[in-house]
Every structure is written in structure tokens, then in C-alpha cells.
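Okay, structure first, notes after.
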Amino acid sequence: MRNFSRDHRWLSINTATVRKSRGVEQPLTTIIEACAQRGIKAISPWRDQVAAAGLGEVSRLVKTHGLELSGYCRGGMFPAADAAGLKAAHDDNRRAVDEACELNAACLVLVVGGLPGALAGKAAHKDIALSRSQVYDGIATLLEYARAAHMPLAIEPLHPMYAADRACINTMEHALDVCDALDPGKTGALGVAVDVYHVWWDPKLEAQIERAGKNRLLAFHVCDWLTPTADLLNDRGMMGDGVIDIPKIRGWMEAQGFAGYSEVEIFSSAGWWQRETSEVLDTCIARHRSTV
């Protein structure tokens, strides 16, 4: 297992972690500069932040600072209530692949979606099996396009509390079932993003990481689960402040040959988003060395 105590070479910042500074939205360009100043080697930006800053400008800054992208957030949200919605999702996901290619991302992370309309507060139906079928078909179609573009797709299983509105793939086992069906040769074109916030509780986690193997382990996201948790979406903890044994999970990943970045992804509306960007990044560096 790699020793992170001496430096932060393998730290990546998911830009949601510093989306806000003292509650104020921060431009992605400012976030990139702050990371580069601290010798952080990788980021994982969100598409809305990239769109606001301009894809060309973000691409220029990434190249100027020699940054890598541990992933690109996000594709997915495949289910829809009608054919027009399915086509719109497909078209948007193709654009996400194109953007990820422009930024030379390691993978496009897929948050697959749940019941159509649920995220906006009114689900179009209650048929989660239909949503899962649409997710499968959507990934299958996108995979052809992404494979031709040489952009790996990383399915991110989300905690079951998000099954209705954000992702109806909720375990590593389910995600890997999809991978095995669509990419049986384990070519590296389709795999998983392992976010400890979503999967730490799973009694099958170690076995499923072993099942995934090196070619399926495309991304590793870290934060912590606070007790109590005030908000199940926007109260993630800084590594070391909660109950997740992050080094154990990283050890399982590295035992399978994973040698990529530990990507810090923290949504924290009442906590870390109320602090200065400099403090958050400096804390990420310190905790990456001591706790990840």
C-alpha cells in the first residue's frame, strides 16, 4: 500500500469540495489556480462549473498547470418518461464524453439516474425496474460512442437513499453486473467509481472490489460519514472526522492494482463550504497525508 504521509502526489480535488468559499460560489478558474499553487496534481471538475468558465479556458488552464483529471463529473441521468427525454439524455451524455476527451479526463463518471422527475420533486412513475432497464440501455448505447472516443465510463453506485432521485444502481455488485454484461472482456472501457461515502457500509464491499479487479477500478472518491449527519446530501465530512475506515478500503483497492488518485469529494453546505478555500484545500492536503 502506498505511503501518502510524505507528500500529496496522489491527491485529487473534486471541485465540488471548494465550490463555495464562505458560502459564495467560486469560479472554476479560481479553484484551479488555488490547487496549482499548492502543488495539487489533479482535479475532477463538474460540468456546470466547466460550462460557466468555458470549456476552452478550462482546457487551457489544465494544460498550463500540467494538471490531470482523475475523472469528469458527470454523465448519466439516463431514465426518462418518454422517447424525447431518452434522446435528450443520450445527446447530453455524448456531449459529456466529448468534454471529457477535450480535458483528457481519466474517465467520465456516471451518476445513472433514478425515477424520472423525482429529482425535481415529482416522479413520473414508481417503476424502478423500468428505470434500471433504461439505465442499462443508456449505458450500452453510450459505451459504443465512448469506446470509439477512448473515454472510459465509470459507473458510480450511490447509497440506497438516492435510489429514487439520483441513482438506481446502489451497490458495487449491481454496478459490476452491468459492467460484466456490457464489457465481459474487462477491456477498461467500462468500470466503477468507488466513493466511500456511498459504499462503506456494504458487507460485500471487499469481495466486490476484488471482483472488479484493476481494469474495472477507475476512480476512488474519499470523504467521511458524520454521526450524526444533518443533511444526507450536503453534510459530508472531511476525512478523519467520521466513521469510515478509509485506509482499509484504499488497501483493498490497491491490492487489486489500483494506483490512481484519491479524489476528495465533499458536499458541505453548513460546514466546509462556509470556510475559506485556502483552509479547505490545506486541510485536504493534511488529511490526505494522515488519514487516507
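Test VAL280 against the stated conditions and say whether it is among the β-branched types (Val, Ile, Thr), crowded, with 22+ Cβ neighbours inside 10 Å, touching a residue at least 40 places away in the same chain (Cβ under 8 Å) and farther than 23 Å from ALA167 by Cα.
yes
Do the conditions hold for GLN256, that is, is it surrounded by 21 or more Cβ atoms within 10 Å (Cβ to Cβ) and either without any contact (Cβ under 8 Å) to a residue 60 or more places away in the chain or among the β-branched types (Val, Ile, Thr) (or both)?
For GLN256, the condition - surrounded by 21 or more Cβ atoms within 10 Å (Cβ to Cβ) and either without any contact (Cβ under 8 Å) to a residue 60 or more places away in the chain or among the β-branched types (Val, Ile, Thr) (or both) - is not met.
Okay, residues lined up against (1) aliphatic (A, V, I, L, M); (2) in a helix (DSSP H, G or I):
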residue: GLN134; (1), (2): no, yes
residue: LEU143; (1), (2): yes, yes
residue: LEU158; (1), (2): yes, no
residue: VAL194; (1), (2): yes, no
residue: ASP202; (1), (2): no, no
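Of the residues TRP273, TRP252, only one is in a helix (DSSP H, G or I), in contact with a Lys or Arg (Cβ under 6 Å, 6 or more places away or on another chain) and among the aromatic types (Phe, Trp, Tyr); which?
Matching residue, one of TRP273, TRP252: TRP273.
Tell me, please, whether a residue that is at pLDDT 95 or above, within 23 Å of MET172 (Cα to Cα), small (Gly, Ala, Ser) and in contact with a helix residue (DSSP H, G or I) (Cβ under 8 Å, 6 or more places away or on another chain) can be found in region 45-66.
no
Spot the failing condition for THR229; the list is (1) more than 19 Å from the chain's Cα centre (by Cα); (2) under 25 Å from GLU68 (Cα atoms), and only one is missed.
Here THR229 clears every test but (2).
What single numbered condition from (1) free of Cβ contacts under 8 Å to residues at least 40 places away in the same chain; (2) over 14 Å from PHE220 (Cβ atoms); (3) crowded, with 22+ Cβ neighbours inside 10 Å fails to hold for VAL192?
Result: VAL192 fails condition (2) only.
In region 204-220, how many residues are in contact (Cβ under 8 Å) with a residue 12 or more places away in the chain and assigned to a helix (DSSP H, G or I)?
Residues that pass the stated criteria total 11.
Can you work out which of the residues in region 167-192 that are among the small types (Gly, Ala, Ser) and outside any helix (DSSP H, G or I) is nearest to LEU143 (Cα to Cα)?
This residue is ALA189.
The values are calculated or read from the model by the stated rules, or taken from the named source; none is laboratory data. Just so it is clear, the model here is predicted, and its values are computed rather than measured. Every residue, glycine as well, gets a Cβ built from its backbone with ideal geometry; the counts of neighbours run over all protein chains shown.
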